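Since the structure comes first, as structure tokens, the remarks are kept for the end.
The values are calculated or read from the model by the stated rules, or taken from the named source; none is laboratory data. Note that the coordinates shown come from a computational prediction; the quantities given were computed from them, not determined experimentally. Here the Cβ positions follow ideal geometry from the backbone for every residue, glycine too, while neighbour counts run over all protein chains shown. These accessible areas exclude ligands, DNA and RNA; they are computed on the full protein's heavy atoms, side chains included. Shrake-Rupley method; radii C 1.70, N 1.55, O 1.52, S 1.80 Å.
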Amino acid sequence: MTINPDLQGRSYPAAEVYDVGREKIREFARAVKATHPAHFDLDAAKALGHSDLVAPPTFAIIIAQRADAQLIEDPESGIDFSRVVHADQRFVHHRPIFAGDRLVAELHVDGVRAMGGGAMITTRSEIFALSGEGPADGTPDPSREAVATATSSILVRGEAQ
């Protein structure tokens, strides 16, 4: 199956909420060898003015990959995950991620470019922290605070590659 060129411009709504816990931050920090005490010790984080443990900057990848999964699992995308090579990942942080945050991400497909028998797909995950239930009337949601923007590019290799 080939990549659907109509993916460009498509958006996927925020899916399930990711609850950031202290132990999740500690485990991630150990895994990426982030040694700052504010990732592990509440007193150290509070001494820096944070409300709780602060996650390493790359922690946002957890939430971004959950959003990316919607695209990968979309049967209309034409993406065979066994043929995916991760090409690029960038983050723009609007504020740190803290233990206690409830995060969601909206996924936007910003680019689809044919490359040989495959395609390069660029996505953008807008990550938000939720602070309440939000309105049910369709008006803008003031209970969502921008946390990070994750931009990712994947190469989906063609059949002959």
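Just the Kirkwood number for the chain, please: inverse of mean 1/r across all distinct Cα pairs, in Å, one decimal. Don't skip to the end; give the middle numbers.
Working: mean 1/r = 0.0587 Å⁻¹.
Roughly 17.0 Å, rounded to one decimal.
Solvent-accessible area of the chain (1.4 angstrom probe, protein heavy atoms only): carbon and sulfur portion equals 54 percent.
Top to bottom by accessible area (1.4 Å), largest first, where do K46, K33, K24 land?
Numbers: K46 110, K33 165, K24 85 Å².
Result, largest first: K33, K46, K24.
Between helix 60-73 and the chain there is an angle of about 30 degrees, using the helix long axis and the longest principal axis of the Cα atoms.
Might you tell me the accessible area per residue for the stretch 30-103, computed with a 1.4 Å probe and given in Å²?
Working: 4100 Å² over 74 residues.
Ligands and nucleic acids excluded, the result is 55 Å² per residue.
May I ask you to derive the FRET efficiency for M115 and R30 from their Cβ-Cβ distance with R0 = 35 Å, giving the value to the nearest 0.05?
Working: r = 37 Å, r/R0 = 1.06.
The formula returns an efficiency of 0.40 here.
GNM on the chain, alpha-carbon springs under 10 angstrom: the most fluctuating residue among A114, A105, A129 is A114.
Relative to the longest principal axis of the Cα atoms of the chain, helix 22-31 runs at roughly 60 degrees. Near E16, once Lys and Arg are set to +1 and Asp and Glu to -1 for all other residues with Cβ below 12 Å from its Cβ, the sum equals +1.
Grab the other residues whose beta carbon is less than 13 angstrom from that of P57, score K and R as +1, D and E as -1, and report the net.
Numbers: positive: R90, R95; negative: none.
Neighbourhood net charge equals +2.
With the simple spin-label model, which puts each label point 7 Å out from Cα in the Cβ direction, the D80 to D6 separation comes to 2.2 nm.
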